[in-house]
Amino acid sequence: TLDQIQLLKELDIENIHGTSSLNIFNSISVKFFRENCSLKKFEYSNELNISQLRKILKGGQLQVFGTMELMILEHCIPGAQLGTGSCKKTILALKDRLDFEFPILVDELGKNHILNSKILMLTDEMAELKKLGFNSFILNFVFREIEELLTVGGLYQKYLEDKIDTDSLRESLNQNMSNYTKGHYSRGVL
C-alpha cells in the first residue's frame, strides 16, 4: 500500500518492490510510482488486458502463471460463520453457483485472501508479450507442489531462453494443467 511504501522510505529501505495490489493499471500510475515512491521493481495489475498492455510503459513485472489473489478482506469470513477461532491461518473456500471453489487463506492478522479457483496460465500470449517489450515475468506457486514449481518454472525458463517454442511450452504445460484461465488477458475489466 502507499502507507507501507512511505513507512519503508522513512526507514531508509531502498529496494522496494510494489506488488500487483498497488493496481498499477496505466502509464500514469507507472510514472507516479517510479517518481514518487522510488520503486525499484513493481508488478502490473493482473486485471490488464492485451490492448492495455500494448499502451503501458514497460519496466514492470507481469504474472503469467500461478495462483491469483482476487481480493483481500479485513473481515474474517470463516470467523463470522464458524467462530473467531477460525480466523488464524485457516484455509477454507467459497463455492460459487457453478461449483467452483475459491480458496480463502486467512493470514496471521485475520485478513482473508480470496484466491482464484483456476490457475493463471499464459502460453500463446508469451510471444506477443515479449514482442511488446515485457521481459520480467512472475510465476506464483502458492498452494502448488515443489515438483510443479520445478517442471513449470523450468519450462518457462527454457521458453524465455529460446530453447523451446510457444507450441512446446503450451503442449508441455497442458499435459500438467487442466483447470486454468487466461485471466483478463483477452477480456479485461474495463
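The values are calculated or read from the model by the stated rules, or taken from the named source; none is laboratory data. Note that the structure is a prediction, hence the values are computed from the model and not measured. Positions of Cβ are backbone-derived with ideal geometry, glycine not excepted, and every protein chain shown enters the neighbour counts. Protein only, heavy atoms only, side chains kept; ligands, DNA and RNA dropped before computing areas. Shrake-Rupley method; radii C 1.70, N 1.55, O 1.52, S 1.80 Å.
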| task | Run the numbers on the chain and let me know its relative contact order in percent, using alpha-carbon pairs under 8 Å that are six or more apart. | result | 22 percent
| field | Partnerless cysteines, meaning none of the other Cys C-beta atoms lie under 4.7 Å away, in the chain | value | C37
| Using 1/(1 + (r/R0)^6) with R0 = 45 angstrom and r between the beta carbons of K31 and Q81, what's the FRET efficiency to the nearest 0.05? | 0.55
| message | For a 27 Å ceiling on Cα separation, which of these pairs sit above it: K40/K95; K41/K131; K131/K158; K9/K182; K131/K163? | response | K40/K95; K9/K182
| Per residue, what accessible area does segment 109-190 have, given a 1.4 Å probe and all protein chains present, in Å²? | 56 Å²
| Can you list, bin by bin at 5 Å, the percent of alpha carbon pairs in segment 1-93, starting at 0? | 2, 12, 20, 16, 15, 13, 10, 8, 3, 0
| field | Whole-Å semi-axes of the chain's equivalent ellipsoid (Cα gyration tensor) | value | 28, 25, 15
| request: Enter the Cα centre distance for the pair segment 17-84 and segment 110-133, rounded to the nearest angstrom. | output: 11 Å
| message | Considering only protein heavy atoms and a probe of 1.4 Å, how much of the accessible area of segment 32-190 is carbon and sulfur, as a whole percent? | response | 50 percent
| request: Would you calculate, for the chain, the mean residue ellipticity at 222 nm contributed by helices, counting each DSSP H stretch of 4 or more residues as -39,500 (n - 2.57) and dividing by all residues, to the nearest 500? | output: -10000 deg cm²/dmol
| request: Among DSSP beta bridges whose residues both lie in the chain, state the antiparallel percentage, nearest 5. | output: 55 percent
| field | Calculated log₁₀ intensity ratio I(q)/I(0) where the Debye formula runs over C-alpha points of segment 116-190, q = 0.13 Å⁻¹ | value | -0.39
| message | For a quick check of understanding: with a 1.4 angstrom probe and all protein chains in place, what accessible area in square angstrom does T1 have, to the nearest ten? | response | 80 Å²
| Low-density loop cleavage sites - trypsin sites (Lys or Arg not before Pro) in segment 78-179, where at most 13 other Cβ are within 10 Å (DSSP) | K89, R97, K163
